[in-house]
1. Amide H to amide H, which residues 5 or more places from Ile28 or on other chains are under 5 Å from it, using H placed in the peptide plane?
2. Could you list the residues of region 1-39 with an amide nitrogen less than 16 Å from a label point located 7 Å from the Cα of Val85 in the Cα-to-C-beta direction?
3. Angle between the Cα long axis of helix 68-89 and the longest principal axis of the chain, 0 to 90 degrees, nearest 10?
4. Scan [x] 15, 46, 27, 8, 2, 0; [y] 14, 39, 26, 12, 7, 2, 0; [z] 17, 52, 27, 5 for the value of P(r) over Cα pairs in 10 Å bins from 0, in percent calculated from this model and give just the label.
5. Going down the list Lys7/Lys80; Lys7/Lys87; Lys7/Lys32, which pairs span over 26 Å between their C-alpha atoms?
6. Calculated FRET efficiency, Glu8 and Ser60, Cβ-Cβ r, R0 30 Å, to nearest 0.05?
7. Over the chain, average the accessible area per residue using a 1.4 Å probe and give it in Å², no decimals.
8. Quick check: at a probe of 1.4 Å, how many percent of the accessible area of the chain sits on carbon and sulfur atoms?
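The values are calculated or read from the model by the stated rules, or taken from the named source; none is laboratory data. Computed from a predicted structure; not experimentally measured. Neighbour counts are summed over all protein chains in view; Cβ atoms, including those assigned to glycine, are modelled from backbone coordinates with ideal geometry. Surface areas here come from the heavy atoms of the whole protein model, side chains and all, with no ligands, DNA or RNA. Shrake-Rupley method; radii C 1.70, N 1.55, O 1.52, S 1.80 Å.
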Amino acid sequence: MIDRLEKEVDMLERHLQVLRMVIENEPIGIVKMSNETGYPHHKVRYSLRVLEEENLIEPSSQGAITTERTHEFVDELDEKLDDTVEKLGSMRIDDAAEVEN
């Protein structure tokens, strides 16, 4: 049950790492991102496609670049992550009453 969540978190981490690289190095291409992150080209390409679908980046002839939406997303990201961490923390079973056997 938790395996799917872990996979999603890993994928989100990769997407955000790719986004961070675009923000810091725009324009930047797949080969450079793959070399610097160690992710295979197909995983970088997938992350770029997801980010493009979210209107966070767009392609250019020199590589991926940010959009007007990028900075708004980044500004809201920390708060959304904090809310999610808090929600996950409230799901802990060890904080609940002892389970009777």
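1. Ala64
2. 9-10, 13, by backbone N distance to the label point.
3. The answer is roughly 20 degrees.
4. [y]
5. As for pairs spanning more than 26 Å Cα to Cα, there are none.
6. Numbers: r = 29 Å, r/R0 = 0.97.
Efficiency for this residue pair is about 0.55.
7. On the way: 7900 Å² over 101 residues.
I get 78 Å² per residue for the chain.
8. Of the solvent-accessible surface of the chain, carbon and sulfur hold 50 percent.
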